[in-house]
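Data first, discussion second: the structure below is written as structure tokens.
Readers should treat all values here as calculations from the given coordinates under stated rules, not as data from a laboratory. Please read these numbers as outputs of a predicted model, since none were measured by experiment. Glycine also receives a Cβ, built like all others from the backbone with ideal geometry; neighbour counts cover every protein chain displayed.
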Amino acid sequence: IISRTQGPVDLYRFDRFASVKQRTMLAAEHPTCAWPGCNTPAERGQFHHLTPWKHGGETNVANLVTLCSYHNGINEDDPNAPPRRGRLTRQGGTIVWQPPHTSR
Ligand SMILES: [Zn+2]
């Protein structure tokens, strides 16, 4: 989309769901669920926002990761919720699991 006043507009906040191109890139990065020890294939997985959409996270590949539905469900999205199962973050280009009770 091209704005008359701003030129090309960043659409990362326009669509909550990953595009086909983004899904292809994410499956190449993680052929299986990115949660440590999980082998669910990416094609049966979901695309999870590392910074949650409802907290302003963008739909771009740097903020997305392949997770199975189970691990997408248990990943801690709410920074104010009681710690339970930890969460995935991207550090230096790599997806890492961050245990509960660690600072963010
Ligand atoms: Zn999984």
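Which order do the peptides 85-96, 30-41 come out in when sorted by mean C-beta neighbours inside 10 angstrom, highest first?
Taking the mean over residues of other Cβ atoms within 10 Å, the ranking is 30-41, 85-96.
Can you list residues whose amide H is under 5 Å from TRP35's amide H, if they're 5+ apart or on another chain and H is modeled 1.01 Å from N?
CYS68
Enter the angle in degrees (range 0 to 90, nearest 10) between the Cα long axis of helix 20-29 and the first principal axis of the Cα atoms of the chain, meaning the one along which they spread out most.
For 20-29 against the chain, the angle is about 40 degrees.
Looking at the range 2-103, which chymotrypsin sites (Phe, Trp or Tyr not before Pro) are DSSP coil and have at most 15 other C-beta atoms within 10 Å of their C-beta?
TYR12, PHE14, PHE17
Calculated from DSSP H runs of 4 or more alone, at -39500 (n - 2.57) each and per residue, what is the 222 nm mean residue ellipticity of the chain, nearest 500?
Computed ellipticity for the chain at 222 nm equals -4000 deg cm²/dmol.
Size of the dipole of the chain about the Cα centre, Lys and Arg at +1 and Asp and Glu at -1 on the beta carbon, nothing else charged, in debye to 20?
Once rounded to the nearest 20, the dipole reads 80 debye.
Could you list LEU50, LEU67 so that the one with the fewest beta carbons within 10 Å of its beta carbon is first and the one with the most is last?
LEU50, LEU67
Treating each Cα of the chain as an identical point scatterer and ignoring solvent, apply the Debye formula and state log10 I(q)/I(0) at q = 0.12, 0.14 Å⁻¹.
Rounded to two decimals, the profile gives -0.42, -0.56.
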